[in-house]
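What follows is one structure encoded as structure tokens, with my remarks underneath.
Derivation of every value follows stated rules applied to the coordinates shown; laboratory data play no part. Here the structure is a predicted model, which means the values were calculated and not measured. Neighbour counts run over all protein chains shown; Cβ positions are idealised from the backbone, glycine included.
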Amino acid sequence: MKIRAVLFDLDNTLFDHPASARAGVDAFLHHLGTERSAQLTRWWFEIEEDNYNRFLAKELSFQEQRRERLRHFLPLAGLSVPQTNTRLDELFTTYLQNYEEAWTAFPDAAPALQSLRAAGMPVGVITNGNHDQQTSKIKRIGLEPLLDRIFSSELTNHAKPAREAFMQPCRLMTVPPGETLYVGDNYRVDIDGARNAGLQAIHLNREGTRRQGTIQSLAELPPLLIQTA
């Protein structure tokens, strides 16, 4: 079936969150006077995912999930946890500044979007998270001019993999779900979620083995769509 629009996940698909966060954690630990280690970085990512999922489930506010991340992480780094939210927020701001300074897109993101737009294909993003932060990422990494729409879970009030998180953007872009392609890195959240909502989907698996329905680089995407257009 002809594809009339392409929607993308943001983090780990267009935006290189792992590289940006690793740089942010390294600088944060240096600021705290603590030696960096691969184990601490792994713990940071695990704690981040657990508490961000609690935010998406509306168990925590966006600010509180940040505080909870520090409450869990600091003892693992051999550091005491501040007793006030104000001090926790100040500490997280230090991490955030370093993280934001390291924000970067994957090298294949802009060329792929440019190719799709040149072919007349509407493109957008569906991302879980805080709308201001996600749009700031897109602006900072230079992708805003290449996107028609940005749909965050905060804006739509639906987080992936919920069906409405995918169907609402299709309605707003006036494209049938069955003629919309979704591209993301998380199989359960992105691919299963999109397909359950009636969209077509391609799994971006940058470091995995190649299989049907999977690409390892966004550079593979425009040729696939141009061939089927």
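Cross-linked pairs Lys137/Lys160; Lys139/Lys160; Lys2/Lys58: Cα-Cα separations exceed 27 Å for Lys2/Lys58. Extension gain for Thr84 to Arg117 (0.36 nm times residue separation, less C-alpha to C-alpha distance): 7.1 nm.
Take every pair of alpha-carbon atoms less than 8 Å apart whose residues are at least six positions apart; their mean separation over the length of region 17-101 yields a relative contact order of 40 percent. Would you mind counting up the charge near Gly193? Only other residues with Cβ under 15 Å from its Cβ, with Lys and Arg at +1 and Asp and Glu at -1. Neighbourhood net charge equals -2. Sites listed here are GluC sites (Glu not before Pro) in region 1-82 whose DSSP assignment is loop and whose Cβ has at most 16 other Cβ atoms within 10 Å: Glu35, Glu59. Each residue in Leu88, Leu74 was given a count of other beta-carbon atoms within 10 angstrom of its own, and listing them fewest first yields Leu74, Leu88.
Kindly list the residues of region 71-85 that lie in the label zone of Ser37, defined by a backbone N under 16 Å from the point 7 Å along the Cα-to-C-beta vector. What the label zone holds, given the 16 Å backbone N cut-off, is 73-80. Divided by 2.2 N^0.38 Å, where N counts the residues, the Cα radius of gyration of the chain comes to 1.06. Rg over Rh for region 17-101 works out to 0.93, both radii taken from alpha-carbon positions and Rh defined as the Kirkwood radius. Listed by Cβ neighbour count within 10 Å, with the fewest neighbours leading, His72, His17 appear as His72, His17.
Relative contact order of the chain, taken over Cα pairs closer than 8 Å and 6 or more residues apart, is 25 percent. Placing +1 on each Lys and Arg Cβ and -1 on each Asp and Glu Cβ, with no other charges, gives the chain a dipole about its Cα centre of roughly 480 debye.
The chymotrypsin sites (Phe, Trp or Tyr not before Pro) of region 68-144 include none that DSSP puts in a loop with a beta carbon having at most 16 other beta carbons within 10 Å. Assuming charge only on the beta carbon of Lys and Arg (+1) and of Asp and Glu (-1), the dipole of region 17-101 about its Cα centre is about 140 debye to the nearest 20. Scanning residues 5 or more positions from Ala201 or on other chains, those with amide H under 5 Å from its amide H are Tyr182, with H placed 1.01 Å from N in the peptide plane.
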